[in-house]
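Undergrad: Pasting a structure below so you can have a look.
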């Protein structure tokens, strides 16, 4: 299937991905080609076939409700681009 | 045109586990410094993996069973994708198409009539980080992120749109709240945000349904009620004035008591759910589920009904007492202790029980009398003193709403000095005619503060009833002499005057006589 | 074996080096210095590393030497290793060859690192890779491509190109890579080393920066099959921090190193000999298959018809999972962050625009699209159903065969720049390796010969948790042919 420019922009918005004009154009043609190749999947009869999300058949992998030590605050914040008073600082978050 | 209101609730409750949903960090962050209950897993650092807290699964299944839900044989976690600064991984681990449970119900009482509210689903997910808005000296606004809350197990309960008024919504929410506290799966603290409620509300007229509004930011039972009432009215007005409604999200403003349209999200939501590849599915065997069911405590509705039948309590008293498991347990402990001490006192030859009146003649009527007495003390003096103490400690805990009952202050009953044994002991004294109800108030208050036993207080303070008939007769005579006017009034047919005279006798004896006894003797004297 | 005089220490295998270390004929410090010298002399031409941890390596070597002298050393004690730069190393830069993480220092070790460190290994450095393991040529590293030591005009394969090239060129004795669609095996084939992708769940993924969580698996890159088995002994096993790691007991993989394959049934899946496969590659693999037959294995062609859908299914599933896995890079908690922006959303989008490279963005776009409303059923769900069919076909094949033999890649190493602008061509280089990631089964690539001096890898696949079978066949072939002893001309 061919993807329109609007679709590329919509996908980028969903992914919170800024794209340059050149990237948008490039992706429009490349993703269209790639998706077109994927259409081969539509010829597979998957009636009554269940999807596989996990290749290893395991279930109920749970842990006990036990407390483990957290990291010290300074280690948690060590990689933070911006911090203030023990918090991560970000641009204003408004709805 | 006549409009019907249609409301559905979506409740999020933090679960009372020790560790977070997918890592070992502690969940008790309330009084902690920011970002001190955080590890690479709940911070969403590169390469880390979640592991499922089994206790959270158990708590969710307990809740689902208490709501008569069907437990999914095979359930799984999914990723819900929505990048936001409070969401550490850019997706929330939640449950999508196969939640842990579905199709349950909850019963509320509307105008004395029982109504079933459908429960769509109960599922498990993780809480997000806390965002705090700040303004720096230059006036620039920014936000701070505290990750302590991120990853705390969060149970989502979604109701069917079966509620037809704000009052029903409030009732349903309270029932749900007390249920979670009963099960011990959540603190239910709304102010601290461990119990949160959003609501969908729309109007309907015959076959026609109007667009629904999602209401958020309601931080108490009262604001849920007020917000829905406001919204119901607002929508009705728009329609009546010929306007049209839009499907939207509105936030409740607690100060202005209005709902405000939230700026429509910059981007449309498309959560792109897909199965969480890091977590294998949950397959809950029926044996395991039945094991959880067997461990369920008696639930509030059943217990309330039993209180009414077994103890003869009014619906109102039974409702209040069973609204929290603590208080219902406390209540029943008092009665159990009473029965034990009763057996003891009957065996003891030194204690007279001559004042047992007819109400106490059969074991059943005696139990009912004691039950009513315990209820009265708990819902009367008890609450008064608790609230007094609470306000003195200036713990600003607003009364959640009418009907909050003994739920606030939180779980205080267990830590109080006055135990069920104390209360039962005091009732024994009253029952045995040693202590009057009037004087009992003093005893009660003393017990409440000091934790000493009633018998001890009564003995020390000389608060026993005057039991000698002659002694009482002498006091009555003196009161009659000093109140000739009232005596005349009574004889002239004024029944009121008798009450006054009884009061005078009580005053003269500092309450150490039983008023009904005085009343009988007075009538005899005044013939 | 005769070690007199000691050959270039950097050319030793783990087994050889360990023997010399334990017999004190060489110290770990000497070995480490030899390797670091080698790094100094060839790294300028290869660029196999993102970070060389020279000082750490030497201090670890000293520590290893004291353990060696105390006599409780393991085969890995004191042996220099490259760790792919998407495996978290506590206190050491872990960049995923991305602008996004170029300053990221994890406060934790991956489980495999904890395990290796318990052997007192020597970390030479972190291996260059395609950004976030997305790529088949190492050209998508933000730090520039790694070059193939057999021909520096050519790619080493990817995404574990740095580790593979480094091991081939003597910049370390072995390496850990990660394999999501062939990222260990394809570069192993291109660099003529051994690369094993274990069964999904066999090795803990904790601390491996996630690309596609249901496909990712850490595996060894080594100079021979024995070394691969030794590394597996160290890294395999259950990890309570990874809910997808299996609790099965771990065997001693060296016990499967028996040079005997008589009577084993080997299947040759015809779909692997795809259109576009180079004649030279096909020739090498057919020769190798004949050799296996001469050694006593029975050879039979088999058809796995769904394999032709594997590439499409893979390039839907992997990017879908990646689109979620990479959503955490928002410039708030760690990593690259654009501050010069209009508002929060703008900052987020710019951070991701400038923090990610072109292939990562392409895959995020692909995956986001495949999962989005209206396309989910046709793409993501369909791919997961095809995945079921692919697993079923492998399962059926393994009822008849002990293992399957295929080429690792349809081509020999290609020229740098040749495919970088053509994503579909690039994706095709994984066509032989990615089916087993979809099915979760194990596979190895071992050196099988050369075409005009360029390496060709042979792939051996077996059923889940049959790494021992794979190692046995690989070992037997290796002993019979000796391709693994060839060293690149660099």
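Undergrad: Considering Cα pairs under 8 angstrom that are at least six residues apart, work out the relative contact order of chain B and quote it in whole percent.
TA: 13
Undergrad: Between segment B:1-39 and segment C:292-338, what's the alpha-carbon centroid distance in Å?
TA: 36
Undergrad: Could you sort the peptides A:28-35, C:330-337 by per-residue average Cβ neighbour count (10 Å cutoff), highest mean leading?
TA: Peptide ranking by packing, descending: C:330-337, A:28-35.
Undergrad: If you split all Cα-Cα distances of segment C:1-154 into 5 Å bins from zero, what percentages do you get per bin, shortest first?
TA: Per 5 Å bin, starting at 0, the Cα pair percentages come out as 2, 10, 18, 19, 19, 16, 10, 5, 2, 0.
Undergrad: Starting from the Cα coordinates of segment B:415-475, work out the convex hull volume and express it per residue in Å³.
TA: 74
Undergrad: Taking the Cα centroid of segment C:44-110 and of segment C:371-412, what is the distance between the two, rounded to the nearest whole Å?
TA: Segment C:44-110 and segment C:371-412 have Cα centres spaced 35 Å from each other.
Undergrad: Ratio of segment C:209-268's C-alpha Rg to 2.2 N^0.38 Å, to two decimals?
TA: Ratio of Rg to 2.2 N^0.38 Å for segment C:209-268: 1.40.
Undergrad: Any chance you could give the angle, 0 to 90 degrees and rounded to 10, that helix B:54-66 forms with the longest Cα principal axis of chain B?
TA: Result, in degrees: 60.
Undergrad: If one takes the longest principal axis of the Cα atoms in chain B, at what angle in degrees, from 0 to 90 and to the nearest 10, does the Cα axis of helix B:221-240 lie?
TA: The answer is roughly 60 degrees.
Undergrad: Using only C-alpha positions, report the orientation-averaged shadow area of the convex hull of the protein assembly as shown, nm², one decimal.
TA: Value for the protein assembly as shown: 57.8 nm².
Undergrad: Where the convex hull is taken over the Cα atoms of segment B:4-294, what is its projected area averaged over directions, in nm²?
TA: Orientation-averaged projected area of the Cα hull: 17.8 nm².
Undergrad: How high is the relative contact order of chain C, in percent, with contacts defined as C-alpha pairs under 8 Å that are six or more residues apart?
TA: So the answer I get is 17 percent.
Undergrad: In 10 Å bins starting at 0, how do the alpha-carbon pair distances of segment B:1-130 split up by percent?
TA: Cα pair-distance distribution for segment B:1-130, in percent: 11, 35, 30, 17, 6, 1.
Undergrad: Give me Rg/Rg_expected for segment B:186-342, where Rg uses Cα atoms only and Rg_expected = 2.2 N^0.38 Å with N residues.
TA: Its radius of gyration relative to the 2.2 N^0.38 Å reference: 1.53.
Undergrad: Would you mind calculating the relative contact order of segment C:247-306 from Cα pairs under 8 angstrom and at least 6 residues apart, reporting the percent as a whole number?
TA: 53
Undergrad: Which semi-axes, in whole Å and largest first, does the equivalent ellipsoid of chain C have when worked out from the alpha carbon gyration tensor as the square roots of 5 times its eigenvalues?
TA: 31, 29, 20
Undergrad: Please compute P(r) over all alpha-carbon pairs of segment C:53-135, binned at 5 Å starting from zero, and give each bin as a whole-number percent.
TA: 3, 16, 23, 23, 16, 10, 5, 3, 1
Undergrad: Given segment C:243-376, report the % of alpha carbon pairs whose separation exceeds 25 Å.
TA: Considering segment C:243-376, 60 percent of its Cα-Cα pairs are separated by more than 25 Å.
Undergrad: Over the Cα atoms of segment B:469-526, what radius of gyration and what Dmax do you get, in Å?
TA: Spelled out, the Cα radius of gyration and Dmax of segment B:469-526 are 10.2, 29 Å.
Undergrad: Using only atoms on other chains, find how many Cβ atoms lie within 10 Å of each Cβ of peptide A:4-13 and report the average.
TA: Across the residues of A:4-13, the mean count of other-chain Cβ atoms within 10 Å is 4.
Undergrad: Which three extents, in whole angstrom, do the alpha-carbon atoms of chain B cover along their principal axes, largest first?
TA: Sorted from largest, the Cα extents of chain B read 89, 56, 55 Å.
Undergrad: Further question on the same structure: With label points built 7 Å along Cα→Cβ from the Cα atoms of residue B:287 and residue C:425, find their separation and express it in nm.
TA: According to this spin-label approximation, the distance is 6.1 nm.
Undergrad: Percent of alpha carbon pairs in segment C:383-436 separated by more than 15 Å?
TA: Cα-Cα pairs of segment C:383-436 separated by over 15 Å account for 61 percent.
Undergrad: Could you state the per residue volume, in Å³, of the convex hull enclosing the Cα atoms of segment C:112-185?
TA: In segment C:112-185, the Cα convex hull volume per residue is 87 Å³.
Undergrad: Past the 16 angstrom mark, what percentage of all C-alpha to C-alpha distances in segment C:389-490 do you count?
TA: 63
Undergrad: Could I have the simple spin-label model distance between residue B:1 and residue B:372, label points 7 Å from Cα toward Cβ, reported in nm to one decimal?
TA: Between residue B:1 and residue B:372, the simple spin-label model gives 5.3 nm.
Undergrad: In addition: Hey, any idea what the orientation-averaged projected area of the convex hull of chain A's Cα atoms comes to, in nm²?
TA: The number I arrive at for chain A is 12.9 nm².
Undergrad: Would you please put C:127-136, A:67-76 in order of how densely packed they are, using the mean number of other Cβ atoms within 10 angstrom per residue and starting with the highest?
TA: Ranked by mean Cβ neighbours within 10 Å, highest first: C:127-136, A:67-76.
Undergrad: Given the options A:84, A:21, A:36, which has the most mean-square fluctuation in a GNM of chain A, springs set between C-alpha atoms less than 10 angstrom apart?
TA: Greatest mean-square fluctuation among the candidates belongs to A:84.
Undergrad: Specify the inter-centroid distance of segment C:415-490 and segment C:204-261, based on alpha-carbon positions, in whole Å.
TA: Distance between centres, Cα-based: 17 Å.
Undergrad: I would also like to ask the following. Mind checking C:308-316 for the average number of partner chain beta-carbons within 10 Å of each residue's beta-carbon?
TA: For peptide C:308-316, the averaged partner shielding equals 4.
Undergrad: If you look at just the Cα atoms of segment C:5-64, how large are its Rg and its Dmax in Å?
TA: That works out to 12.0, 34 Å for Rg and Dmax.
Undergrad: Further question: Pairing the Cα long axis of helix B:383-392 with the longest principal axis of chain B, what angle in degrees results, from 0 to 90 and rounded to the nearest 10?
TA: Taking the Cα atoms of chain B, the angle to B:383-392 is about 60 degrees.
Computed from the coordinates by the stated procedures, all read-outs in this text should not be read as laboratory data. Predicted, not measured: the structure shown is a model, and the values here were computed from it. Cβ sites come from the backbone with ideal geometry, for glycine too, and all protein chains shown count toward neighbours.
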